[in-house]
1. Assuming B:Ala234 fulfils every condition listed in (1) of a type outside the set (S, T, N, Q); (2) in contact with a Gly (Cβ under 8 Å, 6 or more places away or on another chain); (3) assigned to a loop (DSSP other than H, G, I, E, B) apart from one, which condition is it?
2. Can you tell me how many residues within region B:340-354 are more than 26 Å from A:Leu428 (Cα to Cα), among the aliphatic types (A, V, I, L, M) and more than 7 Å from chain A (Cβ to nearest Cβ)?
3. Within region B:286-305, is there a residue that is buried (at least 22 other Cβ atoms within 10 Å of the Cβ), over 22 Å from B:His368 (Cβ atoms) and assigned by TED's automatic domain parsing to the domain that holds B:Asn367?
4. Say we look at region A:386-407 and pick out the residues that are under 41 Å from the mean Cα position of the chain (by Cα) and within 7 Å of chain B (Cβ to nearest Cβ); which of these is farthest from A:Val206 (Cα to Cα)?
5. May I ask you to verify whether B:Pro139 is modelled with pLDDT of 95 or more and either assigned by TED's automatic domain parsing to the domain that holds B:Val77 or touching a Leu at 6+ places or on another chain (Cβ under 9 Å) (or both)?
6. Regarding region A:378-391, can at least one residue be identified that is among the polar types (S, T, N, Q) and under 22 Å from A:Arg344 (Cα atoms)?
7. Here is a list of conditions, (1) touching a strand residue (DSSP E or B) at 6+ places or on another chain (Cβ under 8 Å); (2) farther than 30 Å from A:Lys395 by Cα; (3) among the hydroxyl-bearing types (Ser, Thr, Tyr), and A:Ser137 meets all of them except one; can you say which number that is?
8. Is region B:154-165 home to any residue that is within 9 Å of chain A (Cβ to nearest Cβ) and either modelled with pLDDT of 95 or more or closer than 22 Å to A:Gly383 by Cα (or both)?
Protein chains: 2
Amino acid sequence: MPLRLDARARGFSDAFSRLLAMKREVSEDVDQAVAAIIADVVARGDQAVIDFTRRFDGLELTAQSLRVDEAEIDAAVRACAPGVLDALREAKARIEAYHLRQRPEDALYTDALGVTLGWRWTAVEAVGLYVPGGTASYPSSVLMNAVPAKVAGVPRVVMVVPAPRGELNPLVLAAARLAGVDEVYRIGGAQAVAALAYGTQTIVPVAKIVGPGNAYVAAAKRRVFGQVGIDMIAGPSEVLILADASANPQWLAADLLAQAEHDTAAEAILITDSAELADAVEVAVERRLATLPRADIARASWRDFGAVILVPSLAEAVPLVDRLAPEHLEIEAEGAEGLAAGIRNAGAIFLGAYTPEAIGDYVGGPNHVLPTARSARFSSGLGVLDFMKRTSILKCGPESLRALGPAAIALAEAEGLAAHAGSVGIRLNL
Amino acid sequence: MPLRLDARARGFSDAFSRLLAMKREVSEDVDQAVAAIIADVVARGDQAVIDFTRRFDGLELTAQSLRVDEAEIDAAVRACAPGVLDALREAKARIEAYHLRQRPEDALYTDALGVTLGWRWTAVEAVGLYVPGGTASYPSSVLMNAVPAKVAGVPRVVMVVPAPRGELNPLVLAAARLAGVDEVYRIGGAQAVAALAYGTQTIVPVAKIVGPGNAYVAAAKRRVFGQVGIDMIAGPSEVLILADASANPQWLAADLLAQAEHDTAAEAILITDSAELADAVEVAVERRLATLPRADIARASWRDFGAVILVPSLAEAVPLVDRLAPEHLEIEAEGAEGLAAGIRNAGAIFLGAYTPEAIGDYVGGPNHVLPTARSARFSSGLGVLDFMKRTSILKCGPESLRALGPAAIALAEAEGLAAHAGSVGIRLNL
């Protein structure tokens, strides 16, 4: 049974704080192992990558076979079911259309003093995309990471994906082709992250690495940060559903379980002002669990991290939502737009009864890479801006420097930086 | 003498690679000490902060005196020279005007299928601003960090600044007042970072921490990342000057030294197509060094990390600039705008002879918190977006879900996520 809380009950505040503080991840201490792998790839390049791939993936590679060539990708595309390829194409088109609207504007203007200033956005020169192997090798994630990079104008997008015993998911290769990925290497783990960050004889290094991975990949990304940029470190997925008595309990149960089936550490929470709905959803979850292929995972997640919270009114739920800062927020209630407008912290909001979160995982258009573990308090989902950077621009002339100079000199002197003051003063004969 | 390279000389490529790889920072291993400080603040709150402040800052505080009260800030403002206060006001107004243009737009639109989608930007709910104590306590940095936060709409900006033996820089407090900082605490080090991230009895926790600090502060920021957001970890400052024979060697020498005076680990590089200019700048640097108050620092920086690189033409310098990815790039040459347009990687560009980098440190308007250590390849200077986050919005109706549903179901099934498919199918009676 999931946790059941009532906002009107004594002790609710403490119980809710415990829910917020609940740790869902066991962080494996792999940092020393990862440091050694990275050092070896830096020292020995391709050969280290080949050795680790033999050891961890049971796959014998050469410098020539590290890269997945175009003929192999062609064959993979031919191996995919046409219906699924069509669905991938539809998803790609919608993700691209949404992200095209995120492209930022440059600015350049001259102010009243005659100073010209502004900024210019440029794409990161090369991006590495980590794609997990095995069961978590999701073609949808390839699209969600690679499409915004290409919309940003990244000239070189490099994908790495481990091929345990040589196996690659054809849909992952098809998604890479569709998204315009420029190079694909059949490697994974910390060794792939190191190869992307530092380069090898075969792999030219990138400037930023994105994409999800296991504890080794996450630790490697943290370690190479600085040498390259990285995206967020994603935790287990979460959904929070805000619903009133008008919601369909069967549909809500389906949505809670769609989250719970991801991972035993996934979190699915329902907040409602209807005790009847709460009861009906719990019953529906149990019934649907019986029919799910991934029932064991979903049941563990719902039992250990599921929660149903009863509130006097949905308006009173808003501060609770902001504290939970969910990755995914579904609002299935009268006045959903009004409630959404009052919420500060959520990665993505799904409005109304006909927007199950899963539609956003695939074909809605917005990105499905979203902040987890309450980090929506301070961060955003993946987007075009993650693949660009801004350069500020400033230009003074003799007159505008004369206008601004005295204040700069006063502040530089107040900070004890005489050479700063001097670099302005010398141009004004001061 | 600084390093002298000639792009036409044999061995240039290797020498330039060594310059790129040069480590300017000795990273002190303070991580264990910092972990213990954070754990103690989490466990004991105010009392731990008070104990560490006594030990590290030689200052005896109580829970009541942690916070710098309004009367004390009033008194600090009165203690500042009126001319410097005016300069701070001018700087604040220009920084604010520039950053107001960075406020992002929300989007909400309905596409051809009838899906409503877009995004909404919201401000981070509370931000902590770390300000170093002692000689590196810069009022300009208070403005550069706090003004964008307030422009973003952050309702609560909290500043921490250590007060060694009780001393605070009145200009720092005046800048905080001017920028609209809401709370100021006289604490620093890892204990201040921990107090901001986890809260104490007196200090309500924040959601993001920004601002520069020493090795302890940097290590603490890395450790609390996840609990809160953090900005970049800033390294020693850098300038790269691209100049042709039209540039004034005295002015360039002044600019190189303005960078070098920051820190013995600062880096100042000149790239030019004129051997005469290169020689004249080196002579001018030596002459100016004799007159500088911070000559010892500047001389060490110029000797250990300075470089003068001769190129056949400035156009050929562009790929070198992109590899160096300088924090600050000055272009003092014919056709500066054209050269700037071809450069991908730079934190900030200063165009023309009348735009010394120091003008941007104080009153230009753009932010002076910029990516160092080649991180301009993948990151931007501080701005309004660093204090906001984006929530994506998606709304389908019965018809648009019917249009999108089959593709979502096909992809979910291809990924083995039956409950995802089911949450869509149940709404379509599939």
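The values are calculated or read from the model by the stated rules, or taken from the named source; none is laboratory data. Being a predicted model, the structure only gives us computed values, none of them experimental. We place every Cβ from the backbone using ideal geometry, glycine too, and count neighbours over all the protein chains shown.
1. For B:Ala234, the failing item is (2).
2. Residues in region B:340-354 being more than 26 Å from A:Leu428 (Cα to Cα), among the aliphatic types (A, V, I, L, M) and more than 7 Å from chain A (Cβ to nearest Cβ): 2 in total.
3. no
4. A:Cys396
5. yes
6. yes
7. The number of the failed condition is (1).
8. If we filter region B:154-165 for residues that are within 9 Å of chain A (Cβ to nearest Cβ), which is where we start, we get none.
Among the residues of region B:154-165, not one is within 9 Å of chain A (Cβ to nearest Cβ) and either modelled with pLDDT of 95 or more or closer than 22 Å to A:Gly383 by Cα (or both), which makes the answer no.
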